[in-house]
Amino acid sequence: MIEVKGLKKSFGDNLVLKGIDEIINDGEVVCVIGPSGSGKSTFLRCINMLEEPTAGTIHIDGVQVTIEHINETRKNMGMVFQNFNLFPHMSVLENITVAPIKVLGMKCHDAEVRAKDLLKKVGLEEKAEAFPSSLSGGQKQRVAIARALAMEPKIMLFDEPTSALDPEMVGEVLDVMKALAHSGMTMIIVTHEMGFAREVADRVLFMDDGYIVEQGSPEELFGNPKEVRTQAFLSKVL
Amino acid sequence: MGLYLDGFLIALKGAPVTIGVSLIAVALGVCLGLGIALMRLSKHWILKIPATIYVEIVRGTPIVVQAFIFAYGIPQLLQANGVPFKWDQLIIPAVIVCSLNSGAYVAEVIRSGLQAVDKGQMEAARSLGMSYTMSMRLIIIPQAFRIILPALGNEFVTLIKETSVLSFVGVVEIMRKGTLWNAATFETFPAYIGVACAYMVLTIPLSRLVNYVERRMAVDKKDDAPKLPIDKSEVAAEASLRKGMV
């Protein structure tokens with residue numbers, strides 16, 4: 001369970017998150033939607049301290065997340081980025097095994113077995129020896145998901161995972177994420193894919209101007225938005 | 001023609017010393033430079049300030065002055081304070097000066113190389129639970145070294161030429177060989193043309209090799225790093241702050 005209390009984040013004078021209170025339960029799939037600059041990505045990045053919050057606290061399973069013990073926290077929390085951020089000097093297999101071997105101290109062989117299993121799950125078992133530069137965007141993102149999963153995290157954070165993809169590749173990445181959602185993983189997904197959010201999310205958060213303006217089940221939020229800002233946003237994107 | 005050949009062959013006898021000093025200096029310079037670069041990128045002023053001062057001093061003074069300070073200034077200072085000190089061989093201060101000098105320039109090359117690695121790489125590494133040090137070692141530094149390899153090669157070429165100033169403090173390398181031969185024969189023009197040729201024999205093949213490696217690497221990673229051309233020119237610009245790139 002992730003408990004966010006009074007979360008604020010500013011960059012210089014620019015207050016991006018103005019006070020977020022939120023609880024995300026185990027196994028819940030939460031999609032965060034909202035206009036650009038509303039603070040969605042910053043909210044996600046604060047959860048694993050890629051951005052250090054200016055104020056507020058985050059507890060995971062009752063333990064406060066702090067910058068001092070962040071490496072421990074991150075072992076249980078995978079993150080997938082908009083720009084994939086695969087390691088270009090390593091093969092696909094090395095990309096997936098490096099953290100389990102170096103951070104968890106897994107044996108090379110065990111890590112490779114796990115990596116190949118994950119590659120199979122994301123449909124890229126034949127790409128184990130390839131380098132990231134030879135993959136398409138969709139393939140890169142699937143490798144990035146496999147890399148995060150190799151740490152066997154309890155929580156997965158997705159920061160606009162399909163925004164940098166060509167339209168025809170969005171589906172393959174969303175399929176992998178859907179399978180993951182159905183497996184019971186706790187997921188927080190910042191996305192612009194409203195169809196995906198409607199289909200997969202247990203709950204949708206609408207953020208605007210540094211606040212969570214409205215939230216609810218996909219049916220409620222997309223079918224019957226209460227706030228004016230939510231209505232305005234949805235009328236533009238749907 | 002024979003005189004020119006003599007001059008060239010005499011000068012070439014200094015080449016082992018020139019190459020030796022340059023090689024050691026560039027190797028030590030890379031180690032030192034990596035440390036200095038990491039210090040300069042640190043958030044702690046206690047690391048950052050000394051590294052910055054060091055780089056500024058070295059880059060702000062001519063290497064010939066640094067050579068005199070180390071070869072003659074430091075022994076004099078120690079002797080004046082009652083410590084009987086003399087360099088066993090002048091090549092020792094020569095190597096020290098070149099290494100310290102190279103370290104400062106290499107530090108700037110490495111620093112720009114480290115900064116040229118996409119920030120997302122560090123975030124991805126950290127998000128997988130790696131510590132800062134581990135991320136640097138496994139993810140950032142290997143990529144940075146690939147980016148700066150050509151610039152490091154150019155640094156080596158530059159250093160070969162810079163070692164000529166060591167002739168002023170009495171190290172018998174290529175330049176000094178030529179000077180001594182000139183003093184004995186008064187064949188000034190052939191002597192220094194010979195010296196020039198001896199340097200070119202070293203620097204031209206080396207810079208060709210650097211260009212070749214650079215082209216190879218440009219092909220290798222053309223599609224995964226669209227920003228690379230810009231980054232690379234920044235690195236090159238950094239390297240060329242030092243006078244006269246080959």
Pull out all pairs, ordered by first then second residue, where Cβ-Cβ is under 8 Å, the residues are six or more apart or on different chains, the first lies in segment B:159-171 and is part of a helix (DSSP H, G or I), and the second is crowded, with 20+ Cβ neighbours inside 10 Å and of a type in the set (D, E, K, R). B:T163/B:E173; B:S164/B:E173; B:L166/B:E173; B:L166/B:R176; B:S167/B:E173; B:S167/B:R176
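Taking the criterion of being under 24 Å from A:I189 (Cα atoms), acidic (D, E) and either within 14 Å of chain B (Cβ to nearest Cβ) or open to solvent by 40 Å² or more (accessible area, probe 1.4 Å) (or both), would at least one residue in segment A:33-56 satisfy it? Working first, answer last.
First pass over segment A:33-56, keeping only residues under 24 Å from A:I189 (Cα atoms): A:33-56.
Filter again for acidic (D, E), leaving A:51-52.
When the remaining residues are screened for being either within 14 Å of chain B (Cβ to nearest Cβ) or open to solvent by 40 Å² or more (accessible area, probe 1.4 Å) (or both), the result is A:51-52.
Looking for residues that are under 24 Å from A:I189 (Cα atoms), acidic (D, E) and either within 14 Å of chain B (Cβ to nearest Cβ) or open to solvent by 40 Å² or more (accessible area, probe 1.4 Å) (or both), one finds at least one in segment A:33-56, hence yes.
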Please count how many residues of segment A:53-90 are within 18 Å of A:M151 (Cβ to Cβ) and free of Cβ contacts under 8 Å to residues at least 60 places away in the same chain. 11
Would you confirm, using the coordinates I've provided, whether A:H59 is surrounded by fewer than 17 Cβ atoms within 10 Å (Cβ to Cβ) and either within 13 Å of another protein chain (Cβ to nearest Cβ) or of a type in the set (D, E) (or both)? no
Tell me whether segment B:137-152 contains one or more residues that are open to solvent by less than 20 Å² (accessible area, probe 1.4 Å) and either away from chain A (no Cβ under 14 Å) or aromatic (F, W, Y) (or both). yes
From (1) in contact with a Phe, Trp or Tyr (Cβ under 7 Å, 6 or more places away or on another chain); (2) away from every other protein chain (no Cβ under 14 Å); (3) among the hydrophobic types (A, V, I, L, M, F, W, C), pick out the condition that doesn't hold for B:W45. (1)
A:S134, sole failed condition from (1) under 20 Å from the mean Cα position of the chain (by Cα); (2) within 14 Å of chain B (Cβ to nearest Cβ); (3) not aliphatic (A, V, I, L, M): (1)
Restricting attention to segment B:1-31, the residues that are open to solvent by 60 Å² or more (accessible area, probe 1.4 Å) and part of a helix (DSSP H, G or I) number exactly 11
Scope segment B:15-53; condition of a type outside the set (K, R) and more than 19 Å from the chain's Cα centre (by Cα); matching residues: B:L41, B:S42, B:H44, B:W45, B:I46, B:L47, B:I49, B:P50
Go through A:L149, A:L86, A:L124 for me and flag whichever is surrounded by 15 or more Cβ atoms within 10 Å (Cβ to Cβ), at pLDDT 95 or above and away from chain B (no Cβ under 14 Å). A:L124
Only one of these conditions is not met by A:G34: (1) in contact with a Phe, Trp or Tyr (Cβ under 6 Å, 6 or more places away or on another chain); (2) closer than 15 Å to A:I155 by Cβ. Which number is it? (2)
Could you count how many residues in segment A:104-113 are within 14 Å of chain B (Cβ to nearest Cβ) and surrounded by fewer than 21 Cβ atoms within 10 Å (Cβ to Cβ)? 3
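The values are calculated or read from the model by the stated rules, or taken from the named source; none is laboratory data. If you're wondering where the values come from, they're calculated on a predicted model, not measured in any experiment. No Cβ is skipped: glycine too gets one built from the backbone with ideal geometry, and neighbour counts run over all protein chains shown. The protein model used for the area step is the full one, side chains on, heavy atoms only, and it has no ligands, DNA or RNA in it. Shrake-Rupley method; radii C 1.70, N 1.55, O 1.52, S 1.80 Å.
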